[in-house]
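To keep things clear, I will list the structure first and then write my remarks on it.
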Amino acid sequence: MSDDRPKWQLEFPYRWDQDDAVTRRQLLRFTVYTSGALFAGTSVIAALSYLRAPAMGPRVAIAREDELRDGEARYFTYPEGEQAVLVRTRSGELVAYSQQCTHLSCAVVYQGEANRFFCPCHDGAFDVASGVPIAGPPRRPLPRIRLERAGGVVYAVGMES
């Protein structure tokens, strides 16, 4: 009894008549379910990021409250070696921000006479009171540092998201 099939078909038999083909309806159903699962997973991750409590960082003393006059700044590191700046605004409010520009991470400097943070790399500028960009290529605000006051001392206690 001789078999006229090629040798590869004898060594690797495949029975086409037993093949369960995937219908268009099954493929569409699989695609819709997979897309829905990806959307649901992404939505859960986004919701958890909004509901998560802001992370508390180490408590670091920056300065005494009476050391800064209106319009003055104090540079410090927070949380671990990252450059930051504390400013007493012209209205007397204390604010602190990361010193890294949100465009390309250059160091921003406080310009008291112009009442802004300035990034010399690409002429970016940020508002002192809010940290939002007011000029140049940066599109995101500077990361703000949460402050606490206790016993006349200003402490950095965490980063705001």
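The values are calculated or read from the model by the stated rules, or taken from the named source; none is laboratory data. Note that the coordinates shown come from a computational prediction; the quantities given were computed from them, not determined experimentally. Quick reminder, even Gly has a Cβ in these numbers, built from the backbone with ideal geometry, and neighbours come from all protein chains shown. When the accessible area is computed, the model is the full protein with side chains, heavy atoms only, and any ligands, DNA or RNA have been set aside. Shrake-Rupley method; radii C 1.70, N 1.55, O 1.52, S 1.80 Å.
Could you please tell me which pairs satisfy a Cβ distance under 8 Å, a separation of 6+ or placement on different chains, a first residue in the range 60-76 that is surrounded by 14 or more Cβ atoms within 10 Å (Cβ to Cβ), and a second residue that is assigned to a helix (DSSP H, G or I)? Once the first residue is surrounded by 14 or more Cβ atoms within 10 Å (Cβ to Cβ) and sits in the range 60-76, its partners that are assigned to a helix (DSSP H, G or I) give R74/E67. Tallying residues that are under 17 Å from Q99 (Cβ atoms) and either in contact with a Lys or Arg (Cβ under 6 Å, 6 or more places away or on another chain) or assigned to a helix (DSSP H, G or I) (or both) within the range 56-71 yields 2. The numbered conditions (1) assigned to a strand (DSSP E or B); (2) open to solvent by 10 Å² or more (accessible area, probe 1.4 Å); (3) under 22 Å from V60 (Cα atoms) are all true for A84 except (2). Residues that are over 22 Å from the mean Cα position of the chain (by Cα) and more than 18 Å from P133 (Cβ to Cβ) within the range 77-109 comprise R88, R90, S91, G92, E93, L94, listed in sequence order. The set of residues in the range 41-59 that are hydrophobic (A, V, I, L, M, F, W, C) and open to solvent by 50 Å² or more (accessible area, probe 1.4 Å) comprises V44, I45, L48, L51, A53, A55, M56.
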